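Step one of this worksheet: look at the structure below.
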Amino acid sequence: MINEVLPNIFCLKIPLPHNPLGVLNSYLINGRERKLLIDTGFNWPECRSALLQGIAELGLKLEDLEFLITHVHADHSGLLFDLAPSGSIVYASKRDADELRACFTKTYWQEVDREFGLYGFPQNRLGSEANQIKSYISGHDLEFVYLQEGTVLEAGGYRFTCIMTPGHSPGHVCLYDREQKVLISGDHILPDISPNITLWLNVEDPLGNYLQSLDRIDQMEVELVLPGHRGFIRDCHGRIQELREHHRARLDEIMEILEAGAMDAYQIASRMTWDMNYSSWDEFPPFQRWFATGEAIAHLQHLLLQEKIIRITTPEKYLFALPA
Ligand SMILES: [Zn+2]
């Protein structure tokens with residue numbers, strides 16, 4: 001279950017049962033001075049025991065570790081509060097640490113529900129779904145050390161620089177070692193699945209941010225990407241090109257769908273093609289519909305800012321249409 005990817009960088013495979021992602025790659029950089037654990041898995045017993053076993057196999061204790069989350073999502077942050085002993089150093093971007101704190105509050109989810117409702121997501125279906133996320137993350141009482149663009153963390157002979165890569169989350173962070181040309185990419189760049197880009201409160205254009213963050217990484221010399229899920233990536237720039245193409249095709253698909261007339265985001269999502277094993281939209285579990293609608297919203301927000309589509313505000317919701 002542990003694999004030394006590079007000298008002193010270990011990959012711990014943390015199972016994510018019943019989740020299409022399958023496994024989280026947690027990375028432990030085992031330096032003499034600093035032992036840094038990057039991402040944790042959900043606050044689930046399966047994740048917890050896998051992580052603790054991996055740490056023990058390396059002869060380490062939780063007290064030895066510093067913790068870092070690449071982004072707020074529960075498959076990365078879920079065990080943080082449970083595992084990090086009090087007084088531990090825990091790194092995150094300020095923006096995602098704020099999101100993490102906010103997602104324990106009722107008002108956060110009420111606002112998210114309201115926003116999704118404006119985009120046509122059936123209101124009665126959501127409340128319990130969004131609330132479920134809370135159970136994926138333990139506690140909420142930690143002091144973070146904030147990562148910023150350019151923050152350097154040295155460990156195990158590496159010199160990792162933080163690269164802010166907003167998009168998949170508003171404060172997503174990648175770690176880059178320029179000399180070794182290694183990128184720890186979190187969920188910014190994944191092989192064979194495209195990172196979910198969705199609606200965030202107070203973010204105008206998540207997809208635009210994501211594409212810009214891809215451009216930033218594309219300008220760097222990278223020979224090995226260590227992603228948050230699935231296998232390692234050798235051809236970083238090729239993968240970035242595929243991800244750009246994926247979103248371009250998505251944007252085109254939405255423009256084609258809108259040729260049938262004005263629609264809300266939920267209706268648009270129901271007509272988009274999804275790489276899932278359900279024969280129709282009606283068979284999607286509500287949670288998958290929620291992700292799909294979020295993805296459609298992010299693309300619509302991007303098209304709107306580029307003035308390729310227009311938004312019609314009715315008393316209940318937003319409709320989208322091609323310009324007259
Ligand atoms: Zn993830």
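I'd like to compare 201-212, 230-241: which one has the highest average count of other Cβ atoms within 10 Å, and what's the full order after that?
Numbers: 201-212: 17.3, 230-241: 15.7.
For the peptides 201-212, 230-241, the packing ranking is 201-212, 230-241.
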- Message: Please compute the length gained on full extension between Asp205 and Gln219, using 0.36 nm multiplied by the number of residues separating them and subtracting their Cα-Cα distance.
- Response: 2.9 nm
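I need to check one value: relative contact order of the chain, counting alpha carbon pairs closer than 8 Å and at least 6 residues apart, in percent.
This gives 15 percent for the chain.
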- Item | Qualifying lysines (Cα of each under 30 Å from Cα of Lys35; at least 8 residues distant if same chain) | Lys13, Lys61, Lys94, Lys134, Lys181
- Under 26 Å from Lys317, Cα to Cα: lysines that are on another chain or at least 8 residues apart: Lys106, Lys308
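Find how much the distance from Glu283 to Arg178 grows on full extension, using 0.36 nm per residue of separation minus their present alpha carbon separation; answer in nm with one decimal. Don't skip to the end; give the middle numbers.
On the way: separation 105, 0.36 × 105 = 37.80 nm, distance 4.61 nm.
Taking 0.36 nm per residue and subtracting the Cα distance, the gain is 33.2 nm.
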- For the chain, what is the mean residue ellipticity at 222 nm derived from helices alone (per DSSP H run of n ≥ 4: -39500 (n - 2.57); sum divided by total residues; nearest 500 deg cm²/dmol)? -11000 deg cm²/dmol
- Compute the whole-percent fraction of alpha carbon pairs in the chain spaced more than 26 Å apart. 47 percent
- Message: If I fit a long axis through the Cα atoms of helix 206-218 and take the longest principal axis of the Cα atoms of the chain, what angle between them do I get, 0 to 90°, rounded to 10?
- Response: 40 degrees
- Length released on extending from Glu245 to Val152, taking residue separation times 0.36 nm less the Cα-Cα span: 30.3 nm
- Relative contact order (%) - criterion: Cα under 8 Å, at least six apart; region: the range 144-196: 23 percent
- To the nearest 10 degrees, how steep is helix 45-57 against the longest Cα principal axis of the chain, on a 0 to 90 scale? 30 degrees
- Message: As I understand it, the value is the acute angle between the Cα axis of helix 236-257 and the longest principal axis of the Cα atoms of the chain; what does it come to in degrees, rounded to 10?
- Response: 20 degrees
- Between the modelled labels at Val145 and Thr107 (7 Å from Cα along Cα→Cβ) the distance in nm is 3.1 nm
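Considering only DSSP beta bridges with both partners in the chain, what is the antiparallel share in %, to the nearest 5?
Details: 32 of 46 bridges.
Approximately 70 percent, going by the DSSP bridge assignments.
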- Message: At R0 = 51 Å, how high is the FRET efficiency between Asp64 and Asp252 if r is their beta carbon distance? Nearest 0.05 is fine.
- Response: 0.50
- Query: Near the amide H of His172, under 5 Å away, which other amide H atoms are found, from residues 5 or more places off or on another chain, if H is placed in the peptide plane?
  - Reply: Thr165, Gly167
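Here, each number is a calculation from the coordinates, and none is a lab measurement. Quick caveat: nothing in here was measured; it's all calculated off a predicted structure. So basically every Cβ, Gly included, is an ideal-geometry build from the backbone, and we count neighbours across all protein chains shown.
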